[in-house]
Ligand SMILES: C[S@@+](CC[C@H](N)C(=O)[O-])C[C@H]1O[C@@H](n2cnc3c(N)ncnc32)[C@H](O)[C@@H]1O
């Protein structure tokens, strides 16, 4: 066999190893094709996050990465894309894909009196005790309110304490589509299943199979777009209800939100969080726990 033939075989193998991503380290040969792909995927995801922020103002880097990737991958595969890179191009080209993607990442599930036991504690103990110490109707903020079930629940409860005309529930979310739904105030039987009969009679009107929030109640809720990770927070709130959204944020983002809630509340004001969102060491953020899922600003 000629020397040049042997050299060309060697060259062929070296090239082959190089293209397949083989790592020759301290005499060991390690396959790293998968690692190379993972790095590529990570770069594609980083680019996706950057583009998504430019197109929507939403910073996905502050949301738990594994969860977001899973949700968005299953969506883009459904739409026939095979990578974050291809999907990013798709989002830039097609507005309907972008709207769908925002809807998917925002996770909008809600219902009236969600986790009724917690609402019972709020309605029977916490709110009346707090309200009795105030001279004017309490100011309440439903942050990340989704399609409106939570702020309308708040307005129903508050109507036991104050005339509707005096009520103002601030209701915010990042997603315009859900806010539009919330303003219309039309719900299925499933969404209102925990609403008791007296509130149904007073505030909901059945039309066919759907339930419409009556305009008197609608008028007491003010819907606004607001990004918890970006926008300034309202001041002097008596009570903030923020449930089932913090769970999607990174630890760092969550802690920043807790500090902002602290600033947003009046002294003694109350924060009501979701079932899986209890604060560890609330004193770190200037709160004390008064009941599970309820914190008071100290
Ligand atoms: C699962 S829903 C919770 C609705 C309601 N609070 C409840 O517990 O039934 C989560 C909501 O958080 C909103 N959201 C997600 N990220 C947000 C952010 N950075 N700022 C404000 N809202 C956000 C989503 O648009 C979605 O409507």
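Scanning for something part of a helix (DSSP H, G or I), more than 16 Å from residue 104 (Cα to Cα), modelled with pLDDT under 85 and out of contact with any strand residue (DSSP E or B) (no Cβ under 9 Å at 6 or more places or on another chain), does the stretch 20-35 turn up at least one residue? Within the stretch 20-35 (the criterion being part of a helix (DSSP H, G or I), more than 16 Å from residue 104 (Cα to Cα), modelled with pLDDT under 85 and out of contact with any strand residue (DSSP E or B) (no Cβ under 9 Å at 6 or more places or on another chain)), the answer is yes, since at least one residue qualifies.
Mind listing whichever residues of the stretch 73-102 are within 14 Å of the ligand (Cβ to nearest atom) and outside any helix (DSSP H, G or I)?
Here is the first cut: in the stretch 73-102, the residues within 14 Å of the ligand (Cβ to nearest atom) are 99-102.
None; the set is empty.
Look at (1) assigned to a strand (DSSP E or B); (2) touching a residue at least 60 places away in the same chain (Cβ under 8 Å) and you find that residue 295 fails only one, number (2).
Considering only residues that are within 8 Å of the ligand (Cβ to nearest atom) and in a helix (DSSP H, G or I), look in the stretch 103-130 and name the one that is nearest to the chain's Cα centre (by Cα).
First pass over the stretch 103-130, keeping only residues within 8 Å of the ligand (Cβ to nearest atom): 105-111, 114.
Next, only the ones that are in a helix (DSSP H, G or I) stay: 105-106.
Details: 105: 8, 106: 5 Å.
If we take residues in the stretch 103-130 being within 8 Å of the ligand (Cβ to nearest atom) and in a helix (DSSP H, G or I), then 106 is nearest to the chain's Cα centre (by Cα).
Residue 194 - would you say it is in contact with a helix residue (DSSP H, G or I) (Cβ under 6 Å, 6 or more places away or on another chain), surrounded by fewer than 20 Cβ atoms within 10 Å (Cβ to Cβ) and assigned to a helix (DSSP H, G or I)? No, not satisfied.
If you go through the stretch 50-72 and keep only what is assigned to a loop (DSSP other than H, G, I, E, B), touching a strand residue (DSSP E or B) at 6+ places or on another chain (Cβ under 8 Å) and near the ligand (Cβ under 10 Å from one of its atoms), you end up with nothing.
Has the stretch 211-223 got any residue that is within 13 Å of the ligand (Cβ to nearest atom) and in contact with a helix residue (DSSP H, G or I) (Cβ under 8 Å, 6 or more places away or on another chain)? Yes, that holds for at least one residue.
Exposed (fewer than 15 other Cβ atoms within 10 Å of the Cβ), closer than 20 Å to residue 274 by Cβ and at pLDDT below 95: is that true of residue 39 in this structure?
On the way: exposed (fewer than 15 other Cβ atoms within 10 Å of the Cβ): yes; closer than 20 Å to residue 274 by Cβ: no; at pLDDT below 95: yes.
For residue 39, the condition - exposed (fewer than 15 other Cβ atoms within 10 Å of the Cβ), closer than 20 Å to residue 274 by Cβ and at pLDDT below 95 - is not met.
Does residue 230 satisfy the condition of being exposed (fewer than 13 other Cβ atoms within 10 Å of the Cβ), under 19 Å from the mean Cα position of the chain (by Cα) and within 21 Å of residue 60 (Cβ to Cβ)? It is true that residue 230 is exposed (fewer than 13 other Cβ atoms within 10 Å of the Cβ), under 19 Å from the mean Cα position of the chain (by Cα) and within 21 Å of residue 60 (Cβ to Cβ).
Considering the stretch 245-286, the residues that are within 14 Å of the chain's Cα centre (by Cα), assigned to a loop (DSSP other than H, G, I, E, B) and surrounded by 15 or more Cβ atoms within 10 Å (Cβ to Cβ) include one that is nearest to the ligand (Cβ to nearest atom), namely 245.
The values are calculated or read from the model by the stated rules, or taken from the named source; none is laboratory data. Note that the coordinates shown come from a computational prediction; the quantities given were computed from them, not determined experimentally. Using ideal geometry, Cβ is built from the backbone for each residue, glycine included, and neighbour counts are taken over all protein chains shown.
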